[in-house]
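Rule-based calculations on the coordinates, nothing more; no lab input. Predicted, not measured: the structure shown is a model, and the values here were computed from it. Positions of Cβ are backbone-derived with ideal geometry, glycine not excepted, and every protein chain shown enters the neighbour counts.
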Amino acid sequence: MLPGSGAAALEGELVEWFGERPRFEAFVAGHRDKIRKKLRTAAEDDAVADARAELLVAYRLLAERRFEIAFEAYGTGKRGPDLTLAFRTNQRFNVEVTRLRAASLGVEGDVSRLASVLLGKVRQLPPGVSNVVALVSGPSAAVAEPDVAAAVKLLKAHADRKEETVFTRSGFESARDFYAYYVRLSGVAVVRDGDVPDAGAGALWTNPEARQPLPREVVVAVARCLAGT
């Protein structure tokens, strides 16, 4: 099904996930063409690992039977969140997934580098709907909810001081333009990639300034699913 050595290893992992969660198997089958295309164009193992992170988040979220998930609903190759969820059919929200690398954060993690990661992801969030950024991390690039809160606080401080270059070098027109995107961010989830439960896994920081905040029951369900417990 999947080309390449890294993708071949992922295929074996997917078979395990299918056995554990039939709803995930149905999700992959329903989006087979998009997933195959993404993996076919993944020239390096890092790109395959990025795609795996998206599938891992979908796999965990589908533990909640009230969630239905669409993959790349905004179009393949277009700027938009990876996953779009329907909750009880009438509540929709997006999840944009990013895999944290030790090289991007440092072994112990670094608030300014995490802020840069979030800065890049905020630009992909559409208006008029709740949006969550899911940070998938392993032992070498672990973050916790306080790190997320500190990174957001740092970005807002840059914006309040009108430090325009912080934002223009990331593609924003200005600090004000950043804020217009920032209020589209409903929350940031911490996702541990591993089999060992972690007390910080699944933690979901919620944005008090979000234009489209997540309902409390969605926050609870997402956090529980992403904790993998």
Could you identify which residue out of LYS156, LYS37, LYS121 has the top mean-square fluctuation in a GNM of the chain using Cα springs shorter than 10 Å?
LYS37
Report ³J(HN,Hα) in whole Hz for each residue of region 158-174, in order, from the Karplus equation J = 6.51 cos²θ - 1.76 cosθ + 1.60 where θ = phi - 60°; Gly and Pro get x.
4, 5, 4, 8, 6, 7, 4, 5, 4, 9, 5, 6, 9, x, 7, 6, 5
For a test of understanding, tell me how many lysine pairs in the chain have Cα atoms under 19 Å apart, given they are 8 or more places apart or on different chains.
8
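What is the order of TYR182, TYR74, fewest Cβ neighbours within 10 Å to most?
Details: TYR182 22, TYR74 15.
Least to most surrounded, the residues fall as TYR74, TYR182.
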The chain: mean projected area of Cα convex hull, nm²
12.0
Taking 8 Å as the Cα distance limit and 6 or more residues as the minimum spacing, I'd like the relative contact order of the chain as a percentage.
16
Considering only the other residues whose Cβ falls under 10 Å of the Cβ of ALA134, what net charge follows from Lys and Arg at +1 and Asp and Glu at -1?
0
